[in-house]
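Following: one structure in structure tokens, then a few remarks.
What follows is calculated from the coordinates using simple rules that are stated; it is not laboratory data. Bear in mind the structure is a predicted one, so any value in this text is a computation, not a measurement. Heads up, the Cβs are rebuilt from the backbone with ideal geometry, glycines too, and the neighbour counts pull from every protein chain shown.
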Ligand code: FAD
Ligand code: NAP
């Protein structure tokens with residue numbers, strides 16, 4: 001790795017880097033060697049060396065959707081590419097190009113300050129801009145795919161930079177082409193297309209309640225503030241209690257399975273899915289199985305939201321995955337539904 005260290009655009013290399021600060025579960029993690037990537041041009045050389053030395057590797061953004069082991073072998077790329085600029089503006093849209101390492105919430109705040117409404121429902125989601133397309137982050141009826149124009153990435157299979165238009169990204173509910181092809185693309189920049197026509201999206205009950213009875217429609221700034229307030233009250237702050245947000249995806253089931261379940265469990269909470277199937281509220285299933293607020297050793301299920309698993313202190317990936325398995329087993333036994341883990345297990 002010495003030649004990469006000496007090159008003018010070389011990323012900083014730190015051996016045995018502690019990553020407790022860079023995973024929101026707050027697990028004690030040590031990366032054998034970590035490169036801080038601050039420019040896309042640094043990537044080809046690092047990847048060439050990784051390939052030559054046949055080292056294991058992975059990409060880390062803010063660490064808010066990962067379950068990390070005690071030791072990360074080989075190379076960890078820490079995505080710190082900065083920068084955001086308006087690259088196009090016409091009658092209909094504003095296009096903003098943003099570096100993969102920019103903090104997602106800071107970017108959303110900036111768009112609201114710039115009077116570019118659209119992303120307000122996605123406020124206060126932790127992590128980086130570069131990770132946002134990986135699982136097509138979503139909240140309160142909006143998802144990042146709604147605003148993506150194109151994505152620049154290093155394609156490790158072709159050893160070349162590529163620009164993927166939105167249509168090539170195969171976005172779906174918490175899913176994308178990137179998630180389907182792990183270890184292939186390193187996202188370096190995201191171009192967002194923010195439409196100038198804007199309507200508030202208030203279909204989620206928590207958000208609708210905030211503005212019920214108002215005479216005028218709320219502004220994007222008001223929705224942004226409301227989303228920040230609701231989330232701060234409902235979700236544990238990772239700086240205080242380690243967590244990775246929702247631990248399981250909401251299961252999407254065929255109508256027949258949903259109707260059969262409804263007969264046995266008339267209180268079942270569910271919503272129509274974008275694809276015409278039925279989305280079951282995973283948090284409700286876990287709550288009904290009695291897990292909400294339970295603690296097992298150093299880990300547990302958050303007291304206000306059963307979908308969030310937490311690290312109370314010195315928990316490990318193994319502790320969390322054991323707890324997750326007991327939840328999956330119980331939910332499958334009672335409801336016949338398989339819960340899939342949302343964060344990426346390294
Ligand atoms: P990381 O956790 O570092 O990485 C996640 C995955 O993306 C990994 O597989 C990693 O290899 C890959 N990756 C990261 N950066 C890149 C890159 N530049 N190129 C290629 N691959 C990359 N998610 C939602 O969808 N909606 C929510 O409302 C939401 N709320 C949350 C609330 C809390 C309190 C927490 C802790 C998490 C929440 N999340 C939510 C999950 C998480 O914030 C998002 O998935 C976020 O996009 C992860 O960003 P990150 O930079 O931390 O990614
Ligand atoms: P909530 O509003 O209490 O809703 C519970 C579940 O029901 C959510 O999972 C949501 O699905 C679904 N839901 C509620 N109203 C809906 C509607 N009108 N149409 C379709 N689906 C509806 O959820 P919450 O826990 O407070 O979270 C609020 C939002 O933030 C949700 O969108 C959630 O996804 C997001 N969030 C995500 C994470 C994460 O890590 N992925 C963490 C925290 C919060 P959806 O999940 O599909 O929206």
The answer for the per residue Cα convex hull volume of the chain, in Å³, is 146 Å³
Going fewest to most other Cβ atoms within 10 Å around each Cβ, 269, 310 line up as 269, 310
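Expressed as a whole percent, how much of the Cα-Cα distance distribution for segment 3-79 exceeds 14 Å? Could you put the intermediate results ahead of the total?
On the way: 1704 of 2926 pairs.
Tail of the P(r) past 14 Å holds 58 percent of the pairs.
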Asserting the computed 222 nm helical MRE of the chain (DSSP H runs at least 4 long, -39500 (n - 2.57) per run, divided by residue count, to nearest 500) equals -7500 deg cm²/dmol
Placing one equal point scatterer on each C-alpha of segment 242-345 and summing with Debye, one gets log10 I(q)/I(0) at q = 0.11, 0.20, 0.24 Å⁻¹ equal to -0.33, -0.98, -1.30
Percent antiparallel among DSSP beta bridges confined to segment 3-79, rounded to 5, stands at 35 percent
Taking 291, 161 and counting other beta carbon atoms within 10 angstrom, the fewest-first order is 161, 291
Per residue convex hull volume, Cα only, segment 84-195, in Å³ is 95 Å³
Mean-square fluctuation maximum in Gaussian network of the chain, Cα pairs under 10 Å, restricted to 334, 194, 252, hits 334
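Which ordering of 312, 159 is given by a fewest-first count of other beta-carbon atoms within 10 Å? Spell out each step's value before the answer.
Working: 312 15, 159 12.
By the 10 Å Cβ count, ascending: 159, 312.
Of the beta bridges DSSP finds with both residues in segment 18-137, what % are antiparallel, to the nearest 5?
On the way: 7 of 18 bridges.
Looking only at bridges with both residues in segment 18-137, the antiparallel portion is about 40 percent.
Could you tell me what fraction of 2.2 N^0.38 Å the Cα radius of gyration of segment 247-303 comes to, as a two-decimal ratio? Working shown, then result.
On the way: Rg = 13.3 Å, N = 57, 2.2 N^0.38 = 10.2 Å.
After normalising by residue count via 2.2 N^0.38 Å, the value is 1.30.
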Mean projected area (nm²) from the convex hull of Cα positions in segment 1-160 is 10.5 nm²
With the 8 Å Cα cutoff and a minimum separation of six or more residues, segment 56-200 has a relative contact order in percent of 26 percent
With the 8 Å Cα cutoff and a minimum separation of six or more residues, segment 3-79 has a relative contact order in percent of 36 percent
The alpha-carbon center of segment 18-79 and that of segment 219-296 are separated, in whole Å, by 30 Å
Scoring the chain by relative contact order with C-alpha pairs under 8 Å, at least six apart, yields a percentage of 16 percent
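So in the chain, what percent of DSSP beta bridges are antiparallel if you round to the nearest 5? If you can, show how the numbers build up before the last one.
Values: 49 of 62 bridges.
Within the chain, antiparallel bridges account for around 80 percent of the total.
In units of 2.2 N^0.38 Å, what is the alpha-carbon radius of gyration of segment 165-228? Numbers along the way, then the final one.
Details: Rg = 16.9 Å, N = 64, 2.2 N^0.38 = 10.7 Å.
Here the answer is 1.58, to two decimals.
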When the chain is treated as a Gaussian network with springs between alpha carbons less than 10 Å apart, the largest mean-square fluctuation among 314, 255, 215 is found at 215
If one builds a Gaussian network model of the chain from Cα atoms under 10 Å apart, the most fluctuating residue listed among 221, 42, 257 is 257
